[in-house]
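Inspection log for the structure reproduced underneath, given as structure tokens.
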Amino acid sequence: MRLQTVTWQEVESYLEGSKGVIIPIGSTEQHGPTGFVGTDAICPETIAKGVMEETGAMIAPTLSIGMAQHHMAFTGTITFRPTTLIAVIRDVVESLHRHGFERFFFLNGHGGNIATSDAAFSEIYANFSLGVSGTDRSPPRCTMVNWFDGPDIETLSEELYGEANGAHATAAEVSLTYYAYPEDGARIARNSKLEPEIAPWGPIRDADDYRRRFPDGRIGSDPTLASVADGKRLYDTAVSEVSRRYRDFLAED
Ligand code: NI
């Protein structure tokens, strides 16, 4: 079920059978010369739809803006500062918790969200521990799963691209978005190689420092290797792996 296309009575009925919800979370940020600005939101949203079909999970609206301050020197990027994202995650979880949801599975597409989401989960647990959110309900439990770092998807990404997958604007994530939006992918995809073919690696700090170290936006990747056919394989693998991890999360003590 997609929360956006069911009635409130259908949400009530769903809650009689499951307390779980999947919340895709991403970012709106540059992804190099051949990747969509929406890459990090499109990937988890696309995979979540497949997981919904496989597990019957409720899918919440995608949180498509994340913590992306380091990409702000590239046009089109939108960022929440960490404190804003913490507040957004808290309000989303506490809204759904009030309705009876208890297991919050964030399916993440952006490495820059991880530390902030961990802090948000601690805030949510602190509110419960301190009695701020009321102790008459079952406690909320949150987890964040990155679609790109499960063992199966890592094995496939390595098999397809080896070292050239990289860390940002990866060949794998660009493939997945081309699979989801093939016409836009065909418009952007370049036949010629980027220079250098594999982008540099380095630390991530502020936006201007990032642009100086990584002039075209990529880190460690050669996304010209991306293809729709690879995207389909990555999609199938991610749906199956994330479905397993979602079921495990619901079954936890
Ligand atoms: Ni990305």
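When residues in segment 164-217 are screened for being of a type in the set (S, T, N, Q), free of Cβ contacts under 8 Å to residues at least 60 places away in the same chain and within 16 Å of the ligand (Cβ to nearest atom), 3 of them pass.
Residues satisfying the criterion are present in segment 31-39 (criterion: assigned to a helix (DSSP H, G or I), touching a residue at least 40 places away in the same chain (Cβ under 8 Å), within 16 Å of the ligand (Cβ to nearest atom) and of a type in the set (Ser, Thr, Tyr)).
Scan segment 46-70 for residues that are part of a helix (DSSP H, G or I) and surrounded by fewer than 21 Cβ atoms within 10 Å (Cβ to Cβ) and the total you get is 7. Considering only residues in segment 205-219 that are in a loop (DSSP other than H, G, I, E, B) and of a type outside the set (Lys, Arg), the one that is nearest to Phe36 (Cα to Cα) turns out to be Gly217.
Here Phe74 meets each of (1) assigned to a helix (DSSP H, G or I); (2) within 16 Å of the ligand (Cβ to nearest atom); (3) more than 17 Å from the chain's Cα centre (by Cα) with one exception, condition (1). Does Tyr178 satisfy being part of a helix (DSSP H, G or I), buried (at least 18 other Cβ atoms within 10 Å of the Cβ) and either out of contact with any Ser or Thr (no Cβ under 9 Å at 6 or more places or on another chain) or modelled with pLDDT under 95 (or both)? Answer is no for this residue.
Tell me the residue from Ser133, Ser157, Ser138 that is among the hydroxyl-bearing types (Ser, Thr, Tyr) and part of a helix (DSSP H, G or I), please. Spell out the reasoning first.
Values: Ser133 fails: part of a helix (DSSP H, G or I); Ser138 fails: part of a helix (DSSP H, G or I).
Checking each option against the conditions leaves just Ser157.
Scan segment 121-163 for residues that are within 16 Å of the ligand (Cβ to nearest atom), in contact (Cβ under 8 Å) with a residue 40 or more places away in the chain and among the charged types (D, E, K, R) and the total you get is 0.
Got a number for residues in segment 203-229 being within 19 Å of the chain's Cα centre (by Cα) and of a type in the set (D, E, K, R)? So the answer is 1. Would a scan of segment 89-105 turn up a residue that is in a strand (DSSP E or B), within 13 Å of the chain's Cα centre (by Cα) and modelled with pLDDT of 95 or more? Among the residues of segment 89-105, at least one is in a strand (DSSP E or B), within 13 Å of the chain's Cα centre (by Cα) and modelled with pLDDT of 95 or more, which makes the answer yes. The lone criterion from (1) more than 13 Å from the ligand (Cβ to nearest atom); (2) under 30 Å from Gly166 (Cα atoms); (3) in contact with a helix residue (DSSP H, G or I) (Cβ under 7 Å, 6 or more places away or on another chain) left unmet by Lys49 is number (3). Pairs linking a residue in segment 54-77 that is at positive phi to a residue that is of a type outside the set (A, V, I, L, M, F, W, C) and buried (at least 21 other Cβ atoms within 10 Å of the Cβ), with Cβ atoms under 7 Å and 6 or more positions apart or on different chains, are Gly76/Gln30.
The values are calculated or read from the model by the stated rules, or taken from the named source; none is laboratory data. Values in this document were obtained by computation on a predicted structure and should not be read as measured data. Cβ: placed from backbone, ideal geometry, glycine included. Neighbour counts: every protein chain shown.
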